[in-house]
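Below: the structure, in structure tokens.
The values are calculated or read from the model by the stated rules, or taken from the named source; none is laboratory data. Here the structure is a predicted model, which is why all the values come from computation and not from measurement. No Cβ is skipped: glycine too gets one built from the backbone with ideal geometry, and neighbour counts run over all protein chains shown. Side chains are part of the model used for accessible areas, which takes the heavy atoms of the whole protein and leaves out ligands, DNA and RNA. Shrake-Rupley method; radii C 1.70, N 1.55, O 1.52, S 1.80 Å.
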Amino acid sequence: MKNRVRELRTEAGLTQQQLAELVHVSSRTIISLEKGQYNPSLLLAYRLALVFHTTVEELYCLAENKELEDRENEDWT
């Protein structure tokens, strides 16, 4: 799932480890999130959004991701 975690972390001047500590996960989790290899729990997504002073919808590009998924699902019908 596309997200803005790396972009916002970099803008905030945080390391992956620092962000991990702020949201109570391992740096490995942050790495996986940034690569789009891991979808967070709702609570983790919320914690991240709070750190970056944004919404979960904006952080995880939900409108864009939904549009992509909808297009992919059109191919199945």
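Summing Lys, Arg as +1 and Asp, Glu as -1, what charge do residues with Cβ under 15 Å from the Cβ of LEU59 carry, LEU59 excluded?
Values: positive: LYS2, ARG4, ARG6, ARG9, ARG47, LYS66; negative: GLU7, GLU11, GLU34, GLU57, GLU58, GLU64.
That works out to 0.
Could you check the simple spin-label distance between ARG4 and TRP76, using points 7 Å along Cα→Cβ, in nm with one decimal?
2.9 nm
So, with a 1.4 angstrom probe, what is the percent of accessible area on the chain that is carbon and sulfur?
Values: 2750 of 5380 Å².
Heavy-atom surface of the chain belonging to carbon and sulfur, 1.4 Å probe: 51 percent.
Could you check the spin-label model distance between SER41 and CYS61? Points 7 Å from the Cα along Cα→Cβ, value in nm.
For the pair SER41/CYS61, the computed spacing is 2.6 nm.
Send over a whole-number figure in Å² for the accessible area per residue of the range 1-74, probe 1.4 Å.
On the way: 4890 Å² over 74 residues.
I get 66 Å² per residue for this part.
Cα axis of helix 62-74 to longest principal axis of the chain: angle in degrees, 0 to 90, nearest 10?
30 degrees
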